[in-house]
Amino acid sequence: MSRRATLAAVEIAVPVVVIAAIWFWSAGSDVYYYPPLSDVLKTFKDTWLFDRVGSDVIPSLIRLFFGYFIAVGVGVAGGIALGMSPVLRRVAAPIVEFLRAIPAPALLPFALLVLGVGNDSKIFVIAFVCLWPVLLNAVDGVAGVDPTLVDTGRVYRIPASDRLRYVVLPAAAPQIFAGMRTSLSLALILMVISEMVASSNGIGYFVLQSQRSFAIPEMWSGIILLGLLGYVFNAGFLLVERRVLAWYRGSRAGAE
Amino acid sequence: MLKVTNLRKVYGSGDTATEAVADVSFEVDKGEFVCIVGPSGAGKTTLLKTMSGLMAPTSGEVEIAGQKVSGPPEQMALVFQDYSRSLYPWMKVGDNVAFPLRRKKISKSERKDIVEHAVESVGLASSIDKYPWQLSGGMQQRVAIARGLAYQPEVLLMDEPFASVDAQTRADLEDLVLNVRHEYGVTVLFVTHDIDESVYMGDRVVILSGRPSRVKEVLEVDLPRPRDQVETKELPEFAHLRAHVYRAIKGAQDPSEAVSTDAADEPRTQRAEPGAERVAG
């Protein structure tokens, strides 16, 4: 077996072994907080396939993606503006650093007050948190674009809008993507937190509600679902990144 | 075609000001191949950047086809020294070459023909769908040359274009540039620190002094064309000319170089005087 195949086999085998171990360890469990895995999985199937998809999963995903994509949009646009202007960057730095330092859950009470208990406050908090990694990485990426790349565009009289779109953005894309990836996991965390504070649906709400009503297998099934979602998001993100930044991986491999 | 008059460029201001280009004037006629040669760090790149409109000169001016340069002129293309930072790694070879043509008012098929022809004339027809980083250094610089040619400029500026390729590739690229220059009928201004290269390539050689640069001498190169790597370089005239340039540059480097690179203000003014005399005389 080649080294690669071995690695792939191990990669699959380890989680299987871990799951099997938990299965057997918990099988005879009579500890209330650790129900047998078989019970949890059965609950998972009853709950999430597909009973509560419409009532909890979809609302959660809507909040997550709205918040996330607003953050990406604002972060990239702001990052370009700040990245291109050293003056603006300097002026904005203290404000950015301050806002970034605020632990976002602390803003939740304010958001609930102003935006209400609906989706808006949750989207706001998710977007607020996801903004900073995207913004700061975009600023760095744009400010760090090789001047020769930009000069080349100028020499050939490429209009500024085209230079931005076809030169600066692609050149900064690797860093922007790094920020977007960080933000994606933050989005999931903030989605759960915001749903735990004031909500009447959503996966976070469901987990907390299950715990409060001592429906422990349900609670665990929600936690497992969140883990799976995070895993799938990250895998999906990497897939997109691999496509969009294929040139980057190729050029890096060539340089080494 | 290209006229540079009393060009001067100072970076910064006050105590920290450094003069990169002191006073440079010369002319390039239409269809001519002029080389600018000077010691390393002589401010050649600064000179090129001001000539190409990327940077405003402190004083003096550059004219191209009778018009004063205030930004990158339409009739000018520039091939940068560092191809790996000048080609866009996210675009394929063909797209890199086509990119400057985006805003030219030509049809799609016409653009495609221009691009294909340019890529072909630098011998890269089979690599048009590859990415630059899949090519060797010499091939990448060919792509950059093709991009300059496809832009169909009247003047092609080249900034030490072969400084980072090996000797054999360099010779090939030199001959390639001499050939395509005829094919495209373009005026070339070629900056190099390589004395042999300047004599081999040019109709005339503008010899710069060390930093801050001044024109030391403009030398006519009367070698027969087409030039040949072996035959031309065998000629006694070639040896004579390169020796001449070599001495001029060595002379340019000696006293003034020591002055401009280091030392505090006081000894600098004292020592600068004999150097100044030398330049004047």
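The values are calculated or read from the model by the stated rules, or taken from the named source; none is laboratory data. From a predicted model like this one, the values you see are computed outputs, not experimental measurements. Note: ideal-geometry Cβ built from the backbone for every residue, glycine included; neighbour counts use all protein chains shown. Quick note on the areas: whole protein, heavy atoms, side chains included, nothing else; ligands and nucleic acids left out. Shrake-Rupley method; radii C 1.70, N 1.55, O 1.52, S 1.80 Å.
Structure notes:
- Among the residues of region B:52-74, those identified as on the phi < 0 side of the Ramachandran plot, open to solvent by less than 50 Å² (accessible area, probe 1.4 Å) and within 11 Å of another protein chain (Cβ to nearest Cβ) are B:52, B:54, B:55, B:71, B:72, B:73.
- Members of region B:153-188 found to be under 22 Å from residue B:28 (Cα atoms), within 14 Å of another protein chain (Cβ to nearest Cβ) and either of a type in the set (Val, Ile, Thr) or surrounded by fewer than 18 Cβ atoms within 10 Å (Cβ to Cβ) (or both), listed by number: B:155
- Strands (runs of 3 or more DSSP E) wholly inside region B:2-41 that include at least 3 residues being crowded, with 21+ Cβ neighbours inside 10 Å and modelled with pLDDT of 95 or more: B:33-37
- Within region B:223-275, considering residues that are modelled with pLDDT under 90 and of a type in the set (S, T, N, Q), the one farthest from residue B:173 (Cα to Cα): B:270
- Taking each residue of region A:37-56 that is more than 13 Å from residue A:222 (Cβ to Cβ) and modelled with pLDDT under 95 and looking for partners that are β-branched (Val, Ile, Thr) and open to solvent by 30 Å² or more (accessible area, probe 1.4 Å) with beta-carbon atoms closer than 6 Å, six or more apart or interchain, yields A:37/A:22.
- Inclusion of residue A:111 among residues that are of a type in the set (A, V, I, L, M), more than 17 Å from the chain's Cα centre (by Cα), open to solvent by 20 Å² or more (accessible area, probe 1.4 Å) and over 14 Å from residue A:187 (Cβ atoms) is not warranted.
- Applying the set (1) away from chain B (no Cβ under 11 Å); (2) open to solvent by 20 Å² or more (accessible area, probe 1.4 Å) to residue A:163 leaves exactly one unmet item: (1).
- The lone exception for residue B:90 - which of (1) out of contact with any Pro (no Cβ under 9 Å at 6 or more places or on another chain); (2) within 14 Å of chain A (Cβ to nearest Cβ) it fails: (1)
- Filter result for residue B:103 (at the interface with chain A (Cβ under 7 Å from one of its Cβ atoms), over 18 Å from residue B:186 (Cβ atoms) and in a helix (DSSP H, G or I)): no
- Residues that are of a type outside the set (Lys, Arg), within 14 Å of chain B (Cβ to nearest Cβ) and open to solvent by 30 Å² or more (accessible area, probe 1.4 Å) were ranked within region A:223-246; the one that is farthest from residue A:68 (Cα to Cα) is A:246.
- Enumeration of residues in region A:114-138 that are farther than 19 Å from residue A:184 by Cβ and either touching a Pro at 6+ places or on another chain (Cβ under 7 Å) or open to solvent by less than 50 Å² (accessible area, probe 1.4 Å) (or both): A:116, A:118, A:121
- Breaking point among (1) within 14 Å of chain B (Cβ to nearest Cβ); (2) among the aromatic types (Phe, Trp, Tyr); (3) open to solvent by 60 Å² or more (accessible area, probe 1.4 Å), for residue A:220: (1)
- The set of residues from region A:130-152 being among the acidic types (Asp, Glu) and either within 14 Å of chain B (Cβ to nearest Cβ) or on the phi > 0 side of the Ramachandran plot (or both) comprises A:146, A:151.
- Cβ-Cβ distances below 6 Å connect the following pairs, each with a first residue in region B:185-198 that is under 18 Å from residue B:238 (Cα atoms), a second residue that is assigned to a loop (DSSP other than H, G, I, E, B), and a separation of six or more residues or different chains: B:192/B:160; B:193/B:40.
- The set of residues in region B:82-130 being in contact with a Lys or Arg (Cβ under 6 Å, 6 or more places away or on another chain) and over 23 Å from residue B:157 (Cβ atoms) consists of B:129 alone.
- Candidates B:148, B:210, filtered to the one that is in a helix (DSSP H, G or I), more than 21 Å from residue B:238 (Cα to Cα) and open to solvent by less than 10 Å² (accessible area, probe 1.4 Å): B:148
- Test result for residue A:197, touching a residue at least 40 places away in the same chain (Cβ under 8 Å), touching a Leu at 6+ places or on another chain (Cβ under 6 Å) and open to solvent by 30 Å² or more (accessible area, probe 1.4 Å): yes
- For residue B:77: the one exception among (1) within 15 Å of the chain's Cα centre (by Cα); (2) away from every other protein chain (no Cβ under 11 Å); (3) in a strand (DSSP E or B): (2)
- Of all residues in region B:74-87, those that are under 18 Å from residue B:46 (Cβ atoms) and touching a residue at least 12 places away in the same chain (Cβ under 8 Å) total 7.
- Whenever a residue of region B:119-144 is within 18 Å of residue B:99 (Cβ to Cβ) and within 14 Å of chain A (Cβ to nearest Cβ), its partners that are outside any helix (DSSP H, G or I) and open to solvent by 60 Å² or more (accessible area, probe 1.4 Å), lying with C-beta atoms within less than 6 angstrom and at least six residues away or across chains, give the pairs B:129/B:92; B:131/B:92.
- Test result for residue A:191, surrounded by 19 or more Cβ atoms within 10 Å (Cβ to Cβ), within 30 Å of residue A:143 (Cβ to Cβ) and either of a type in the set (A, V, I, L, M) or away from chain B (no Cβ under 14 Å) (or both): no
- Test: residue in region B:23-31 that is closer than 25 Å to residue B:174 by Cα and in contact with a Lys or Arg (Cβ under 6 Å, 6 or more places away or on another chain): yes
- Flag for residue A:155 being in contact with a strand residue (DSSP E or B) (Cβ under 7 Å, 6 or more places away or on another chain), without any contact (Cβ under 8 Å) to a residue 40 or more places away in the chain and within 12 Å of chain B (Cβ to nearest Cβ): yes
- Every pair of residues 6+ apart whose Cβ atoms lie under 7 Å, when the first sits in region B:148-161 and is more than 27 Å from residue B:195 (Cβ to Cβ) while the second is open to solvent by 10 Å² or more (accessible area, probe 1.4 Å) and assigned to a loop (DSSP other than H, G, I, E, B): B:154/B:1; B:154/B:65; B:154/B:75
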